[in-house]
Every structure is written in C-alpha cells, then in structure tokens.
Amino acid sequence: MATTLPTYATFGQKIWYYTFRVFCGLVFFYLIFPILIVIPLSFNAQDFFTFTPEMLRLDPEGYSLKHYRDFLGANGDYSWLQAFSNSLIIAPLATLLSVSLGTLAAIGLSQPHVPFKRQIMALLISPMIVPLIITSAGMFFFYSSVSLQGTLAGVVLAHAALGIPFVIITVTATLSSFDQSLTRAAANMGADPVTTFFRIQMPLILPGVISGGLFAFITSFDEVVVVLLVGSAGQKTLPWQMFIGLREQISPTILAVATILVVISIALLTTVELLRRRSERLRGMSPG
C-alpha cells in the first residue's frame, strides 16, 4: 500500500489523506497519554500521584527511585516482591500448558478430516468471548467441587484456559500457509509422525507458536479477576497486589509497578512483531 499521495491526487483525496492521519494521530495520543503520565510520575520523590512543583521545574530533587526501592522491599515490605515472584511462577507455567494444548488443538483442527471443526473452534476460543466475570464464577464453583479452589494448580489451569485461545488462533493462522505436502513427503521417506512434527512442521510454525505463547503469557501476567476468585493469599499475583494497593492503601508504588509492566509489555510486543516479520520471510511474503 502506498504511504504517500500520488502526484495526480485530487484536492478531495488530499483532504481525506491528511484528515485520516490527523485522526489516527489523535487516537494514538489518546491511547498513549495515560502511559506518558504514569512513567514520569513513577520517579516522583514524594508520595503523591501528581506532579510536584519540583518535577514541573525539572529539579533533580523532585525525582527519585524511591518507589522502585519500595517495590524491591527497601522499606521492609516485601509484599510487592512476593506478588511479582508469584506472577513469575504462575505465568510461565500457564503459558507452557497453553502452548502445549493450544498447538496440539490447532494442528488437529487443521486436518481436513476432522468433523465439526467450526463448532470445536468456537468452543475452544469461547474464553475470549464470554465475559471474564462469568468465566471466573464458573471456575470458582467448579474448582470448589473438585478441591482446586485456592491452589496453585487451580490458578495455573485457569490462566491456561484463558491463554489457549490465543495460541490456537496464532498457530491456526500460521498453519493456513503451511504446505501439507511436506509432511506427506516425510511420511513417504519413512519418518514417523513425531519425527515429522519436530523436524518438519514445528520449525515452520514456531513463530506462530511463540507469538501465541507470548500473548498467553501477557494474559496470565496481567489477569486479576480470575485469580481473585479461584486463588488464595498464597497465590497473590502482581495485578492482585495492585488492586489491593488501589483499594486499601493508595500506594504510590503502583506507579513504579505500572511502569515495569509497560516495559515488559513493550518488550513482548516487540518480540511478537519481530516473529511476525520472520514468519512472513519464511513464507516468502516479505522480501526483506
């Protein structure tokens, strides 16, 4: 798609061209503005959620790493660090489970002989469509009946269920351009299905698998509603701790935590974009 106006563009086309870009810029600014406010506030030397006169004057005395030190437990409160550790345990386990089950489901649904593929796909991605509070309430009652309520395994399984749809969608999109004749050729040469999967299929769909895994990780790492209902104090995650910090004590440490989460999200989304471009190059869709 052309990024500049052709020389023969009419006056109306030029108006639409610039109006559309101004509108997109305003929408982008509206979405990014809260982040631009939170990040500098996280370096506030005072326990305020607003810019101090020193900060507005760009006085070095108005800036500090105080809130980041509080996050690391410098004030003797290790609740934030413990919540962060729990998130770093739960999110990778849920991601591993989501990637394993989601990839297998996507490969199975890509086979032409599978009946009711659309119905099965709709069922598997339903956690993305059903309101999260309804899903959480259903998990709560189900886990209570099978003694998983308040356990680490219950939280991991719940987060995995939320992450599986992302893996299925990304892997299915990658498989749509996969040449199935490669697997048939491997079978004709004597390779068993497991060898064919790991030596032929997996390397080609790996960008989609990793992309889905990253989305599943972000979903688990940022989730708070499900863990509030199916978890216990022992599985208090970072978003749960942030919720408590807003509701009970209005801790400015939330600003530092929000900035850390923004940096993590940017890093993961950058990785997803790089993987997308790599996948396009592998499929011959991009010359670069």
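Every number here is computed from the coordinates shown, using simple stated rules; none is lab data. For clarity, every value in this text was computed on a predicted model and none was experimentally measured. Note that each Cβ is placed from the backbone with ideal geometry, even for glycine, and that neighbours are counted across all protein chains shown.
Taking Cα centroids, how far is region 235-254 from region 115-161 in Å?
25
Arrange the peptides 99-105, 158-164 so that the one whose residues have, on average, the most other Cβ atoms within 10 Å appears first. Kindly include the intermediate steps, with their values, before the conclusion.
Details: 99-105: 20.4, 158-164: 25.1.
Answer by packing, highest mean first, reads 158-164, 99-105.
Among Ala122, Ile200, Val230, which residue has its Cα furthest toward the positive end of the charge dipole of the chain, with +1 on Lys/Arg Cβ and -1 on Asp/Glu Cβ?
Ile200
With +1 assigned to the C-beta of every Lys and Arg and -1 to the C-beta of every Asp and Glu, and no other charges, what is the dipole magnitude of region 30-125 about the Cα centre in debye, to the nearest 20? Please list the in-between numbers first.
Working: 5 positive and 6 negative charges, 138 e Å.
Result for region 30-125 is approximately 660 debye, rounded to the nearest 20.
In debye, nearest 20: dipole of region 78-282 around its Cα centre with unit charges on the Cβ of K, R (+) and D, E (-)?
Working: 10 positive and 7 negative charges, 67 e Å.
That gives a dipole near 320 debye.
How far apart, in nm, are two points set 7 Å out from the Cα along the Cα-to-Cβ line at Asp222 and at Ser147?
A separation of 3.7 nm, rounded to one decimal place.
With unit charges on the beta carbons (Lys and Arg positive, Asp and Glu negative) and the dipole taken about the Cα centre of the chain, which residue among Leu88, Leu182, Leu41 sits farthest to the positive side?
Going by the charge dipole, the pick is Leu182.
With a/c under 1.5 counting as rounded, go ahead and sort the chain into rounded, prolate or oblate using the C-alpha gyration tensor (a ≥ b ≥ c being the square roots of the eigenvalues; past the cut-off, prolate if a/b is larger than b/c, else oblate). Present the calculation step by step, with values, prior to reporting the outcome.
On the way: a/c = 2.19, a/b = 1.23, b/c = 1.78.
Oblate shape, in that a/c is at least 1.5 and b/c is the bigger or equal ratio.
At 222 nm, what helix-only mean residue ellipticity would the chain give, in deg cm²/dmol to the nearest 500, using -39500 (n - 2.57) for each DSSP H run of four or more? The partial results should precede the final answer.
Numbers: 14 runs with 198 residues, N = 288.
It comes out at -22000 deg cm²/dmol, rounded to the nearest 500.
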